[in-house]
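Q: Right, I'll just put the structure down here and ask away after.
The values are calculated or read from the model by the stated rules, or taken from the named source; none is laboratory data. Since we're looking at a predicted model, the values are computed, not measured. We place every Cβ from the backbone using ideal geometry, glycine too, and count neighbours over all the protein chains shown. What goes into the accessible areas is simple: the full protein's heavy atoms, side chains included, and nothing from ligands, DNA or RNA. Shrake-Rupley method; radii C 1.70, N 1.55, O 1.52, S 1.80 Å.
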Amino acid sequence: MKQISADINGGKINIYIGSGLEDYINNNIYGRNVSFVSKSLSGYRNKLKKIKSIKIYMHDGESIKDLRYLRFIVKKLIDLNIERSDTVSYIGGGTVGDLTGFASSVYKRGINLVAVPTTLLAQVDSSIGGKNTINFSGIKNVIGTFYNPKYIFNDTDFLLNSDKSLLNDGMAEIIKMAIINDENFYNYLRNNNMDTIFNQNDLENIIYKSNKIKLNIVSRDFFDKNKIRYLLNFGHTVGHAIESFTSNDVSHGTAIANGMLAENYIAYKMGLSENFYDEIITILENYRIPLLNFKNFDPDIIIKYILNDKKMESGKINLIVLDRIGKSHTEAVEVSEIKRYFSEFLEVKK
(Lines give C-alpha, C1' and ligand atoms only; values in the text may rest on other atoms or scores of the structure.)
Protein backbone atom coordinates (compact mmCIF):
# COMPACT_ATOMS: atom_id res chain seq x y z
CA MET A 1 0.00 0.00 0.00
CA LYS A 2 1.11 3.57 -0.72
CA GLN A 3 0.06 6.71 1.14
CA ILE A 4 0.20 10.41 0.25
CA SER A 5 -0.49 13.37 2.53
CA ALA A 6 -0.66 16.86 1.09
CA ASP A 7 -1.69 20.34 2.16
CA ILE A 8 -4.19 21.97 -0.17
CA ASN A 9 -6.02 25.23 0.41
CA GLY A 10 -5.16 25.28 4.10
CA GLY A 11 -6.32 21.73 4.77
CA LYS A 12 -4.76 18.28 4.68
CA ILE A 13 -5.79 15.55 2.30
CA ASN A 14 -4.77 11.92 2.83
CA ILE A 15 -4.71 9.36 0.02
CA TYR A 16 -4.40 5.59 0.44
CA ILE A 17 -3.59 3.44 -2.60
CA GLY A 18 -3.73 -0.35 -2.47
CA SER A 19 -5.83 -3.47 -2.13
CA GLY A 20 -8.39 -4.23 0.60
CA LEU A 21 -8.72 -0.77 2.15
CA GLU A 22 -11.98 -1.38 4.05
CA ASP A 23 -10.39 -1.19 7.52
CA TYR A 24 -8.58 2.02 6.63
CA ILE A 25 -11.91 3.51 5.53
CA ASN A 26 -13.68 2.46 8.74
CA ASN A 27 -10.89 3.88 10.91
CA ASN A 28 -11.01 7.32 9.30
CA ILE A 29 -14.70 8.23 9.50
CA TYR A 30 -16.20 11.09 11.49
CA GLY A 31 -19.48 10.34 13.32
CA ARG A 32 -22.10 8.55 11.26
CA ASN A 33 -21.19 7.71 7.68
CA VAL A 34 -23.70 7.97 4.83
CA SER A 35 -22.38 6.39 1.63
CA PHE A 36 -23.85 7.14 -1.79
CA VAL A 37 -22.99 4.03 -3.79
CA SER A 38 -23.10 3.36 -7.51
CA LYS A 39 -25.57 0.61 -8.44
CA SER A 40 -23.00 -0.64 -10.95
CA LEU A 41 -21.02 -2.08 -8.02
CA SER A 42 -23.49 -4.91 -7.36
CA GLY A 43 -20.70 -7.43 -7.97
CA TYR A 44 -18.81 -6.11 -4.94
CA ARG A 45 -21.49 -6.70 -2.29
CA ASN A 46 -19.19 -8.62 0.06
CA LYS A 47 -16.57 -5.90 -0.11
CA LEU A 48 -19.15 -3.14 0.38
CA LYS A 49 -20.58 -4.91 3.45
CA LYS A 50 -17.21 -4.49 5.17
CA ILE A 51 -17.50 -0.69 4.93
CA LYS A 52 -19.43 0.66 7.92
CA SER A 53 -22.00 3.11 6.60
CA ILE A 54 -25.64 3.81 5.82
CA LYS A 55 -25.63 2.91 2.12
CA ILE A 56 -27.85 4.62 -0.42
CA TYR A 57 -27.59 3.17 -3.91
CA MET A 58 -27.99 5.32 -7.00
CA HIS A 59 -27.40 5.26 -10.74
CA ASP A 60 -24.25 6.77 -12.17
CA GLY A 61 -23.44 8.53 -15.45
CA GLU A 62 -23.68 12.16 -16.57
CA SER A 63 -27.47 12.21 -16.21
CA ILE A 64 -27.23 12.23 -12.39
CA LYS A 65 -25.21 15.47 -12.35
CA ASP A 66 -28.47 17.35 -12.21
CA LEU A 67 -30.41 19.54 -9.76
CA ARG A 68 -33.04 16.88 -9.11
CA TYR A 69 -30.40 14.40 -7.95
CA LEU A 70 -28.87 17.11 -5.78
CA ARG A 71 -32.29 17.49 -4.13
CA PHE A 72 -32.42 13.69 -3.72
CA ILE A 73 -29.14 13.62 -1.76
CA VAL A 74 -29.92 16.64 0.41
CA LYS A 75 -33.38 15.23 1.23
CA LYS A 76 -31.80 11.92 2.30
CA LEU A 77 -29.33 13.72 4.58
CA ILE A 78 -32.11 15.78 6.16
CA ASP A 79 -34.31 12.71 6.68
CA LEU A 80 -31.40 10.93 8.39
CA ASN A 81 -30.69 13.96 10.61
CA ILE A 82 -27.08 14.03 9.44
CA GLU A 83 -25.03 16.67 11.26
CA ARG A 84 -21.98 18.63 10.15
CA SER A 85 -19.81 16.47 12.43
CA ASP A 86 -20.88 13.34 10.52
CA THR A 87 -19.48 12.05 7.23
CA VAL A 88 -20.78 11.83 3.69
CA SER A 89 -18.87 9.43 1.46
CA TYR A 90 -19.24 8.18 -2.05
CA ILE A 91 -18.34 4.79 -3.48
CA GLY A 92 -18.40 4.94 -7.25
CA GLY A 93 -17.07 6.67 -10.31
CA GLY A 94 -16.54 10.31 -11.17
CA THR A 95 -20.16 11.28 -11.74
CA VAL A 96 -21.24 9.92 -8.33
CA GLY A 97 -18.23 11.75 -6.88
CA ASP A 98 -19.04 15.04 -8.63
CA LEU A 99 -22.63 15.01 -7.41
CA THR A 100 -21.90 13.80 -3.87
CA GLY A 101 -18.98 16.19 -3.51
CA PHE A 102 -21.14 19.12 -4.61
CA ALA A 103 -23.94 18.14 -2.23
CA SER A 104 -21.43 17.76 0.63
CA SER A 105 -19.99 21.20 -0.01
CA VAL A 106 -23.37 22.94 0.25
CA TYR A 107 -25.18 20.79 2.84
CA LYS A 108 -25.13 22.85 6.07
CA ARG A 109 -22.31 24.86 4.42
CA GLY A 110 -20.02 21.86 4.30
CA ILE A 111 -19.86 18.39 5.82
CA ASN A 112 -16.94 15.93 6.14
CA LEU A 113 -16.38 14.24 2.79
CA VAL A 114 -14.63 10.92 2.16
CA ALA A 115 -14.01 9.58 -1.36
CA VAL A 116 -13.88 5.92 -2.38
CA PRO A 117 -13.48 6.22 -6.16
CA THR A 118 -13.95 2.89 -7.92
CA THR A 119 -12.85 3.66 -11.50
CA LEU A 120 -9.31 4.42 -12.63
CA LEU A 121 -10.52 7.75 -14.03
CA ALA A 122 -11.95 8.81 -10.68
CA GLN A 123 -8.90 7.56 -8.76
CA VAL A 124 -6.40 9.59 -10.81
CA ASP A 125 -8.48 12.59 -11.77
CA SER A 126 -11.91 13.62 -10.48
CA SER A 127 -11.39 12.67 -6.82
CA ILE A 128 -8.33 14.94 -6.53
CA GLY A 129 -8.37 18.72 -6.61
CA GLY A 130 -11.67 19.56 -4.95
CA LYS A 131 -13.72 20.27 -8.07
CA ASN A 132 -17.35 19.23 -7.56
CA THR A 133 -19.88 19.98 -10.21
CA ILE A 134 -23.22 19.40 -11.88
CA ASN A 135 -24.46 20.17 -15.38
CA PHE A 136 -27.13 22.71 -16.25
CA SER A 137 -29.06 23.63 -19.39
CA GLY A 138 -27.08 21.13 -21.47
CA ILE A 139 -23.74 22.66 -20.45
CA LYS A 140 -21.24 20.33 -18.79
CA ASN A 141 -19.86 21.27 -15.34
CA VAL A 142 -21.24 24.83 -15.37
CA ILE A 143 -22.29 24.82 -11.68
CA GLY A 144 -19.77 23.78 -9.07
CA THR A 145 -17.67 24.32 -5.97
CA PHE A 146 -14.12 23.74 -4.75
CA TYR A 147 -14.29 21.36 -1.78
CA ASN A 148 -11.79 18.65 -0.87
CA PRO A 149 -12.46 15.23 0.61
CA LYS A 150 -10.51 14.66 3.81
CA TYR A 151 -9.58 11.14 2.71
CA ILE A 152 -9.38 9.39 -0.65
CA PHE A 153 -9.20 5.60 -0.73
CA ASN A 154 -8.00 4.31 -4.11
CA ASP A 155 -8.73 0.61 -3.74
CA THR A 156 -7.27 -1.35 -6.64
CA ASP A 157 -9.63 -4.28 -6.03
CA PHE A 158 -12.27 -2.38 -7.99
CA LEU A 159 -9.88 -2.18 -10.96
CA LEU A 160 -8.29 -5.63 -11.03
CA ASN A 161 -11.67 -7.35 -10.78
CA SER A 162 -13.05 -5.43 -13.76
CA ASP A 163 -12.58 -5.67 -17.51
CA LYS A 164 -9.38 -4.03 -18.81
CA SER A 165 -11.45 -1.98 -21.25
CA LEU A 166 -12.93 -0.08 -18.30
CA LEU A 167 -9.48 1.39 -17.63
CA ASN A 168 -9.41 3.27 -20.95
CA ASP A 169 -10.85 6.54 -19.65
CA GLY A 170 -8.46 6.61 -16.72
CA MET A 171 -5.46 5.84 -18.91
CA ALA A 172 -6.36 8.76 -21.17
CA GLU A 173 -6.09 11.16 -18.22
CA ILE A 174 -2.89 9.48 -16.99
CA ILE A 175 -1.30 9.82 -20.44
CA LYS A 176 -2.37 13.47 -20.48
CA MET A 177 -0.66 14.14 -17.13
CA ALA A 178 2.56 12.52 -18.34
CA ILE A 179 2.48 14.48 -21.63
CA ILE A 180 2.08 17.86 -19.93
CA ASN A 181 4.32 17.34 -16.91
CA ASP A 182 6.64 14.32 -16.74
CA GLU A 183 8.70 12.97 -19.63
CA ASN A 184 10.10 10.04 -17.63
CA PHE A 185 6.61 8.92 -16.65
CA TYR A 186 5.55 9.31 -20.28
CA ASN A 187 8.45 7.11 -21.47
CA TYR A 188 7.46 4.44 -18.93
CA LEU A 189 3.88 4.48 -20.23
CA ARG A 190 5.09 4.58 -23.85
CA ASN A 191 7.14 1.43 -23.28
CA ASN A 192 4.17 -0.45 -21.81
CA ASN A 193 0.59 -1.19 -22.77
CA MET A 194 -2.76 -2.14 -21.25
CA ASP A 195 -1.74 -5.78 -20.79
CA THR A 196 1.62 -5.17 -19.11
CA ILE A 197 0.29 -2.66 -16.54
CA PHE A 198 -2.78 -4.71 -15.54
CA ASN A 199 -1.39 -5.96 -12.22
CA GLN A 200 -1.40 -4.79 -8.60
CA ASN A 201 2.13 -3.39 -8.50
CA ASP A 202 2.03 -1.40 -11.75
CA LEU A 203 -1.47 -0.01 -11.19
CA GLU A 204 -0.54 1.07 -7.67
CA ASN A 205 2.58 2.84 -8.98
CA ILE A 206 0.73 4.49 -11.88
CA ILE A 207 -2.02 5.78 -9.59
CA TYR A 208 0.57 7.02 -7.07
CA LYS A 209 2.57 8.87 -9.74
CA SER A 210 -0.56 10.39 -11.30
CA ASN A 211 -1.86 11.49 -7.89
CA LYS A 212 1.47 13.18 -7.13
CA ILE A 213 1.44 15.08 -10.44
CA LYS A 214 -2.10 16.31 -9.98
CA LEU A 215 -1.56 17.26 -6.32
CA ASN A 216 1.56 19.23 -7.24
CA ILE A 217 -0.35 21.24 -9.83
CA VAL A 218 -3.58 21.87 -7.92
CA SER A 219 -1.78 22.77 -4.68
CA ARG A 220 -0.20 25.74 -6.50
CA ASP A 221 -3.47 26.96 -8.02
CA PHE A 222 -6.39 25.46 -6.10
CA PHE A 223 -9.01 27.95 -7.32
CA ASP A 224 -7.90 27.85 -10.96
CA LYS A 225 -6.94 31.55 -10.93
CA ASN A 226 -3.26 31.57 -11.93
CA LYS A 227 -3.44 29.42 -15.08
CA ILE A 228 -1.21 26.76 -13.49
CA ARG A 229 -4.14 24.39 -13.06
CA TYR A 230 -5.18 25.08 -16.63
CA LEU A 231 -2.42 22.69 -17.73
CA LEU A 232 -4.54 19.75 -16.54
CA ASN A 233 -7.08 20.71 -19.19
CA PHE A 234 -4.97 19.66 -22.17
CA GLY A 235 -7.49 18.04 -24.52
CA HIS A 236 -10.46 19.27 -22.50
CA THR A 237 -11.39 22.38 -24.50
CA VAL A 238 -12.22 20.28 -27.54
CA GLY A 239 -12.93 17.15 -25.46
CA HIS A 240 -15.73 18.69 -23.40
CA ALA A 241 -17.24 20.07 -26.61
CA ILE A 242 -17.16 16.56 -28.10
CA GLU A 243 -18.99 15.22 -25.04
CA SER A 244 -21.65 17.91 -25.30
CA PHE A 245 -21.99 17.54 -29.09
CA THR A 246 -22.53 13.77 -28.76
CA SER A 247 -24.77 14.08 -25.66
CA ASN A 248 -22.11 12.13 -23.74
CA ASP A 249 -22.31 9.12 -26.05
CA VAL A 250 -18.53 9.51 -26.28
CA SER A 251 -16.93 8.74 -22.91
CA HIS A 252 -14.87 11.34 -21.09
CA GLY A 253 -11.50 9.65 -21.61
CA THR A 254 -12.10 9.04 -25.31
CA ALA A 255 -13.23 12.64 -25.78
CA ILE A 256 -10.18 14.04 -23.97
CA ALA A 257 -7.77 11.75 -25.82
CA ASN A 258 -9.13 12.87 -29.18
CA GLY A 259 -9.26 16.44 -27.89
CA MET A 260 -5.50 16.24 -27.27
CA LEU A 261 -4.98 15.33 -30.92
CA ALA A 262 -7.14 18.23 -32.13
CA GLU A 263 -5.59 20.78 -29.77
CA ASN A 264 -2.03 19.79 -30.65
CA TYR A 265 -2.96 20.11 -34.34
CA ILE A 266 -4.36 23.60 -33.73
CA ALA A 267 -1.27 24.67 -31.78
CA TYR A 268 1.02 23.23 -34.45
CA LYS A 269 -0.78 25.00 -37.30
CA MET A 270 -0.56 28.27 -35.36
CA GLY A 271 3.21 27.83 -34.98
CA LEU A 272 3.00 27.41 -31.20
CA SER A 273 4.07 23.76 -30.93
CA GLU A 274 5.74 20.90 -32.72
CA ASN A 275 3.51 18.26 -34.26
CA PHE A 276 3.09 15.42 -31.75
CA TYR A 277 0.08 13.91 -33.53
CA ASP A 278 1.71 10.59 -34.49
CA GLU A 279 3.39 10.26 -31.09
CA ILE A 280 0.10 10.74 -29.24
CA ILE A 281 -1.69 8.36 -31.61
CA THR A 282 0.84 5.62 -30.83
CA ILE A 283 0.52 5.80 -27.06
CA LEU A 284 -3.28 5.95 -27.25
CA GLU A 285 -3.25 2.79 -29.34
CA ASN A 286 -1.02 1.09 -26.73
CA TYR A 287 -3.87 1.49 -24.24
CA ARG A 288 -6.69 0.74 -26.72
CA ILE A 289 -8.22 4.20 -26.44
CA PRO A 290 -10.65 4.67 -29.35
CA LEU A 291 -9.84 7.16 -32.10
CA LEU A 292 -12.92 9.02 -33.29
CA ASN A 293 -14.15 9.44 -36.82
CA PHE A 294 -14.66 13.21 -36.97
CA LYS A 295 -16.62 13.28 -40.23
CA ASN A 296 -19.96 13.96 -38.52
CA PHE A 297 -18.69 16.78 -36.29
CA ASP A 298 -20.08 20.23 -37.03
CA PRO A 299 -17.36 22.85 -36.31
CA ASP A 300 -19.93 25.59 -35.72
CA ILE A 301 -21.66 23.59 -32.99
CA ILE A 302 -18.34 22.53 -31.48
CA ILE A 303 -17.27 26.19 -31.29
CA LYS A 304 -20.59 27.07 -29.66
CA TYR A 305 -19.76 24.65 -26.84
CA ILE A 306 -16.16 25.87 -26.67
CA LEU A 307 -17.44 29.40 -26.01
CA ASN A 308 -18.70 28.09 -22.65
CA ASP A 309 -15.23 26.78 -21.76
CA LYS A 310 -14.07 27.84 -18.27
CA LYS A 311 -10.68 28.85 -19.72
CA MET A 312 -12.34 31.58 -21.80
CA GLU A 313 -11.00 35.04 -20.86
CA SER A 314 -11.50 38.38 -22.64
CA GLY A 315 -12.83 36.61 -25.70
CA LYS A 316 -9.84 34.26 -25.94
CA ILE A 317 -9.31 30.61 -25.08
CA ASN A 318 -6.34 29.63 -22.94
CA LEU A 319 -5.12 26.73 -25.08
CA ILE A 320 -2.67 24.22 -23.58
CA VAL A 321 0.44 24.08 -25.76
CA LEU A 322 3.17 21.41 -25.64
CA ASP A 323 6.72 22.76 -25.53
CA ARG A 324 7.84 19.14 -25.68
CA ILE A 325 6.67 15.86 -24.20
CA GLY A 326 6.66 16.47 -20.44
CA LYS A 327 6.47 20.28 -20.56
CA SER A 328 3.59 22.59 -21.45
CA HIS A 329 2.21 26.10 -21.04
CA THR A 330 -0.97 28.08 -21.74
CA GLU A 331 -1.42 30.40 -24.68
CA ALA A 332 -4.30 32.86 -25.16
CA VAL A 333 -5.77 32.13 -28.60
CA GLU A 334 -8.52 33.86 -30.56
CA VAL A 335 -11.67 31.75 -30.89
CA SER A 336 -11.60 32.46 -34.63
CA GLU A 337 -8.22 30.69 -34.83
CA ILE A 338 -9.57 27.71 -32.90
CA LYS A 339 -12.49 27.50 -35.30
CA ARG A 340 -10.29 27.90 -38.38
CA TYR A 341 -7.85 25.15 -37.50
CA PHE A 342 -10.39 22.85 -35.90
CA SER A 343 -12.40 22.99 -39.14
CA GLU A 344 -9.19 22.18 -41.02
CA PHE A 345 -8.50 19.32 -38.60
CA LEU A 346 -11.93 17.86 -39.32
CA GLU A 347 -11.24 17.93 -43.05
CA VAL A 348 -7.75 16.40 -42.74
CA LYS A 349 -8.75 13.69 -40.24
CA LYS A 350 -11.99 12.49 -41.85
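Q: Of all residues being touching a Lys or Arg at 6+ places or on another chain (Cβ under 6 Å) and closer than 26 Å to ASN248 by Cα in segment 96-119, which is most open to solvent (accessible area, probe 1.4 Å)? Just the residue, please.
A: ASP98
Q: Quickly run through segment 326-345 and pick out the residues that are open to solvent by 20 Å² or more (accessible area, probe 1.4 Å) and either outside any helix (DSSP H, G or I) or among the small types (Gly, Ala, Ser) (or both).
A: Result: LYS327, HIS329, THR330, GLU331, ALA332, GLU334, SER336, SER343.
Q: Among the residues of segment 127-148, is there at least one that is without any contact (Cβ under 8 Å) to a residue 40 or more places away in the chain and in contact with a Pro (Cβ under 8 Å, 6 or more places away or on another chain)?
A: Scanning segment 127-148 turns up at least one residue that is without any contact (Cβ under 8 Å) to a residue 40 or more places away in the chain and in contact with a Pro (Cβ under 8 Å, 6 or more places away or on another chain).
Q: Which numbered condition trips up TYR186, out of (1) within 16 Å of LEU284 (Cβ to Cβ); (2) hydroxyl-bearing (Ser, Thr, Tyr); (3) open to solvent by 10 Å² or more (accessible area, probe 1.4 Å)?
A: (3)
Q: Provide a single number: the residues in segment 141-166 that are within 19 Å of GLY20 (Cα to Cα) and either modelled with pLDDT under 95 or polar (S, T, N, Q) (or both).
A: So the answer is 5.
Q: As an exercise: evaluate LEU319 against (1) over 14 Å from GLY259 (Cα atoms); (2) part of a strand (DSSP E or B) and give the number of the one condition it does not meet.
A: (1)
Q: Let me ask something else about it. Exactly one condition in (1) more than 26 Å from ILE78 (Cβ to Cβ); (2) part of a loop (DSSP other than H, G, I, E, B); (3) in contact with a Gly (Cβ under 7 Å, 6 or more places away or on another chain); (4) not β-branched (Val, Ile, Thr) is not met by ASN148; state its number.
A: Status for ASN148: all satisfied but (1).
Q: Name the residue that is nearest to ILE91 (Cα to Cα), counting only residues in segment 152-183 that are of a type in the set (D, E, K, R) and surrounded by fewer than 23 Cβ atoms within 10 Å (Cβ to Cβ).
A: Applying the first criterion (of a type in the set (D, E, K, R)) to segment 152-183 yields 155, 157, 163-164, 169, 173, 176, 182-183.
Add one more test, that the residue is surrounded by fewer than 23 Cβ atoms within 10 Å (Cβ to Cβ), and what stays is 157, 163-164, 182-183.
On the way: ASP157: 13, ASP163: 18, LYS164: 20, ASP182: 30, GLU183: 33 Å.
Among those that are of a type in the set (D, E, K, R) and surrounded by fewer than 23 Cβ atoms within 10 Å (Cβ to Cβ), it is ASP157.
Q: Among the numbered conditions (1) under 21 Å from LEU166 (Cα atoms); (2) touching a residue at least 12 places away in the same chain (Cβ under 8 Å); (3) exposed (fewer than 15 other Cβ atoms within 10 Å of the Cβ), tell me where SER42 comes up short.
A: Looking at each condition in turn, SER42 falls short on (2).
Q: Tally up the residues in segment 277-305 that are of a type in the set (A, V, I, L, M, F, W, C) and either touching a His at 6+ places or on another chain (Cβ under 6 Å) or buried (at least 20 other Cβ atoms within 10 Å of the Cβ) (or both), please.
A: Within segment 277-305, the first condition is being of a type in the set (A, V, I, L, M, F, W, C), and the residues that meet it are 280-281, 283-284, 289, 291-292, 294, 297, 301-303.
Checking which are either touching a His at 6+ places or on another chain (Cβ under 6 Å) or buried (at least 20 other Cβ atoms within 10 Å of the Cβ) (or both) leaves us with 280, 283-284, 289, 297, 302.
Count: 6.
Q: Could you list, in sequence order, all residues of segment 295-326 that are farther than 23 Å from MET177 by Cβ, touching a residue at least 40 places away in the same chain (Cβ under 8 Å) and acidic (Asp, Glu)?
A: Scanning segment 295-326 gives a single hit, ASP298.
Q: Which residues, taken from segment 15-39, are charged (D, E, K, R), farther than 26 Å from LYS65 by Cβ and open to solvent by 40 Å² or more (accessible area, probe 1.4 Å)? Outline the logic, then answer.
A: Let us first name the residues in segment 15-39 that are charged (D, E, K, R), namely 22-23, 32, 39.
Those left that are additionally farther than 26 Å from LYS65 by Cβ: 22-23.
Across segment 15-39, the qualifying residue is only ASP23.
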